[in-house]
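So the structure is just underneath, and the comments pick up after that.
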Amino acid sequence: MFIKGKRIVTDKKVSVHNPYDNQVIEEIGLSTEKDVAEAIEIASEGFRILKNMPAGERAKILERTAKIIADKKEEFARTICLEVGKTINEARTEVDRAINTIRLSSIAAISLKGETVRMDIVGATKKMAFYTRVPLGIVLAISPFNFPLNLSCHKIGPAIAAGNAVIHKPATKTPLSALMLAEALIEAGLPEQCISVLVGPGSSVGMALVRAPEIRKISFTGSLEVGETIMANCGMKKVTMELGSNSAVVVFKDAPLRLVAKKIRKGGYTLAGQVCISVQRVYVEEEIADEFLRELSLEVAQIKYGDPMQEDTEMGPMIDEPSLKKAEEFVEDAKKHKGMVILGGSRQGTIFLPTIIFDVEESAKIIQEEAFAPMVAVNKFKTIDEAITRVNNTKYGLQTGIFTKNINFALKCAKEIDSGGVLINEIPTFRVDNMPYGGMKGSGLGREGPEFAIKEMTEEKLIIFDEIE
Ligand code: NAP
């Protein structure tokens with residue numbers, strides 16, 4: 001845990017494991033529910049400091065933080081590689097993105113503004129008004145295991161840019177890069193009261209924070225199930241929910257199949273499929289289904305899996321044993337629903353083999369639920385309406401990819417598909433950190449991307465002037 005600018009040694013420890021070989025990487029101090037009250041008291045003081053700090057100064061602190069992370073890029077990347085099990089190259093990409101997210105937050109700090117409000121539409125002709133955006137107070141950032149640095153930056157960056165103090169509850173499996181981020185913020189000049197990191201179980205420490213009335217805003221990224229629990233317990237707070245998905249790709253017969261297959265090789269199997277916008281369902285027009293399946297199988301069969309620290313490894317292990325078991329269950333369930341396992345379908349140690357399932361019933365878990373594993377289901381469709389209905393027929397709606405040269409098909413899909421983003425001729429796994437990112441339906445509430453998140457981290461304050469004699 002990290003309080004008042006430093007890591008705290010506690011009696012109780014949590015061991016952080018390397019998911020590839022289960023070796024202990026580090027033991028760190030575990031927070032308990034008792035630490036919650038202290039963190040809140042400190043953050044209340046932090047808020048008083050930060051809301052009075054000029055935006056330009058907050059922006060400079062964030063800019064310096066980005067520089068510190070950039071200077072320590074390899075150290076951050078190795079830590080992420082070890083704690084998450086993503087490949088060293090995936091980890092480097094995450095660090096680059098995190099640097100960018102903090103820089104974008106710095107820009108958001110100085111770009112945030114209000115507007116004038118017309119007063120003369122109902123006769124208040126002498127009045128003049130405007131609103132500003134003011135920080136909320138204490139922001140609780142709860143982050144998942146899969147992007148422990150960049151997704152933390154997506155919350156902490158905009159929160160600080162707006163003038164809020166932050167209490168961060170990272171995933172207990174992957175707290176190390178979050179602690180390094182807090183250290184970078186302090187080194188960059190952030191007053192020590194403005195960031196605390198509590199490392200402890202979501203069900204106790206997380207829940208105590210969620211329920212605390214002093215916290216004004218929760219920015220959560222994680223599963224739909226935990227998101228629903230938070231919503232049911234948080235009371236009067238603003239919330240942003242970045243949740244799961246089972247993202248789909250629709251491939252029409254005029255699409256360049258080899259290119260699509262190459263893109264899905266990345267989109268379905270990066271980080272062993274443990275990405276919220278991982279490609280999980282592919283709907284292919286019937287006439288080209290066999291050809292597409294051949295192309296995809298050729299690509300996926302080439303994925304080099306193994307030790308994530310090796311430079312040429314393309315796919316590493318899954319995060320833990322329950323995730324491997326869940327992946328096995330999904331494959332068994334797909335078989336029961338008439339799915340054919342074309343590739344993979346089983347584990348090798350801590351690695352789940354890159355898997356393709358073909359022609360599975362739409363009621364199967366791999367179609368309806370979130371697999372969060374390196375597996376892609378390929379199903380056929382006959383008409384565009386059928387494809388759109390199937391894409392929409394789940395509880396999730398984060399991002400969807402469409403491949404076609406037919407502009408009418410592209411537009412119809414863009415209009416009728418219920419997801420936060422529709423990407424034409426791109427996989428749903430594409431994300432740059434400045435875009436408004438978030439889901440519809442069970443995939444979430446609100447949007448991230450510093451320019452958008454900073455609005456969710458502030459509230460409007462209206463100021464009205466009148467003339468007096
Ligand atoms: P998770 O199990 O939902 O946990 C996420 C965070 O919530 C962790 O810090 C966890 O702490 C905490 N938590 C658990 N129970 C809690 C409670 N009752 N109250 C407060 N906090 C609680 O998710 P995960 O397995 O780490 O991550 C995978 C999920 O995140 C997937 O569903 C994925 O799609 C989603 N995700 C979404 C996005 C997006 O932007 N939409 C991005 C990445 C991931 P512990 O670690 O201590 O359990």
What pairs can you find where one residue is in the stretch 232-243 and farther than 10 Å from Gly439 by Cα, the other is away from the ligand (no atom under 12 Å from the Cβ), and their Cβ atoms are less than 7 Å apart, with a gap of 6+ or different chains? Gly235/Pro213; Lys237/Arg216; Lys237/Lys217; Lys238/Leu136; Lys238/Arg216; Lys238/Lys217; Lys238/Glu456; Thr240/Glu456
Among the helices (runs of 4 or more DSSP H) contained in the stretch 78-188, which hold 1 or more residues that are β-branched (Val, Ile, Thr) and under 21 Å from Glu26 (Cα atoms)? 88-111
Just for the stretch 265-317: of the residues that are part of a loop (DSSP other than H, G, I, E, B) and of a type in the set (D, E, K, R), which one is nearest to Thr221 (Cα to Cα)? Glu314
Residue that is nearest to the ligand (Cβ to nearest atom), among those in the stretch 205-222 that are part of a strand (DSSP E or B) and hydrophobic (A, V, I, L, M, F, W, C): Phe220
Is it true that some residue in the stretch 374-389 is of a type outside the set (S, T, N, Q), within 16 Å of the ligand (Cβ to nearest atom) and touching a Phe, Trp or Tyr at 6+ places or on another chain (Cβ under 7 Å)? yes
Could you grab me the full set of residues in the stretch 192-204 that are more than 7 Å from the ligand (Cβ to nearest atom), more than 21 Å from Glu456 (Cβ to Cβ) and part of a helix (DSSP H, G or I)? Glu192, Gln193, Ser204
Give the stretch 102-122 a look and list any residue that's modelled with pLDDT of 95 or more, β-branched (Val, Ile, Thr) and more than 20 Å from Ala182 (Cβ to Cβ), or say none. Ile107, Ile110, Thr116, Val117
Residues located in the stretch 288-325, provided they are charged (D, E, K, R) and within 16 Å of the ligand (Cβ to nearest atom): Asp320, Glu321, Lys325
State whether one or more residues within the stretch 347-358 are of a type in the set (D, E, K, R) and under 27 Å from Gly444 (Cα atoms). no
So which of Ala184, Ala188 is within 19 Å of Gly56 (Cα to Cα), in the same structural domain as Ile138 (by TED's automatic domain parsing) and surrounded by 19 or more Cβ atoms within 10 Å (Cβ to Cβ)? Ala184
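Looking at Thr313, Thr350, can you tell me which residue is polar (S, T, N, Q) and either in contact with a Ser or Thr (Cβ under 7 Å, 6 or more places away or on another chain) or in the same structural domain as Ala77 (by TED's automatic domain parsing) (or both)?
Thr313
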How about the stretch 49-69: which of its residues are farther than 19 Å from Gln193 by Cβ and either touching an Asp or Glu at 6+ places or on another chain (Cβ under 8 Å) or charged (D, E, K, R) (or both)? Glu63, Lys67, Ile68
Suppose the filter is assigned by TED's automatic domain parsing to the domain that holds Ser297 and over 20 Å from Gly267 (Cα atoms); does Ile407 pass it? yes
Which of (1) assigned to a loop (DSSP other than H, G, I, E, B); (2) without any contact (Cβ under 8 Å) to a residue 24 or more places away in the chain is the odd one out, the single condition Pro322 does not satisfy? (1)
Filter result for the condition that a residue is within 13 Å of the ligand (Cβ to nearest atom), assigned to a helix (DSSP H, G or I) and of a type outside the set (Phe, Trp, Tyr), over Ala261, Ala232: Ala232
In the stretch 227-250, the residues that are farther than 17 Å from Ser152 by Cα and of a type in the set (A, V, I, L, M): Ile230, Met231, Ala232, Met236, Ala248, Val249, Val250
Could you look through the stretch 235-253, keep only residues that are more than 10 Å from the ligand (Cβ to nearest atom) and in a loop (DSSP other than H, G, I, E, B), and pick out the one that is nearest to the chain's Cα centre (by Cα)? Lys237
Taking the residues in the stretch 64-73 that are among the charged types (D, E, K, R), more than 22 Å from the chain's Cα centre (by Cα) and assigned to a helix (DSSP H, G or I) as candidates, determine which candidate is surrounded by the fewest Cβ atoms within 10 Å (Cβ to Cβ). Asp71
State all residues of the stretch 82-107 that are crowded, with 23+ Cβ neighbours inside 10 Å, among the β-branched types (Val, Ile, Thr) and over 16 Å from the mean Cα position of the chain (by Cα); if no residue qualifies, say none. Thr87
Number of the exception - Lys4 against (1) surrounded by fewer than 20 Cβ atoms within 10 Å (Cβ to Cβ); (2) within 22 Å of the chain's Cα centre (by Cα): (2)
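The values are calculated or read from the model by the stated rules, or taken from the named source; none is laboratory data. Keep in mind that what you see is a predicted model, and the values were worked out from it rather than measured. Glycine also receives a Cβ, built like all others from the backbone with ideal geometry; neighbour counts cover every protein chain displayed.
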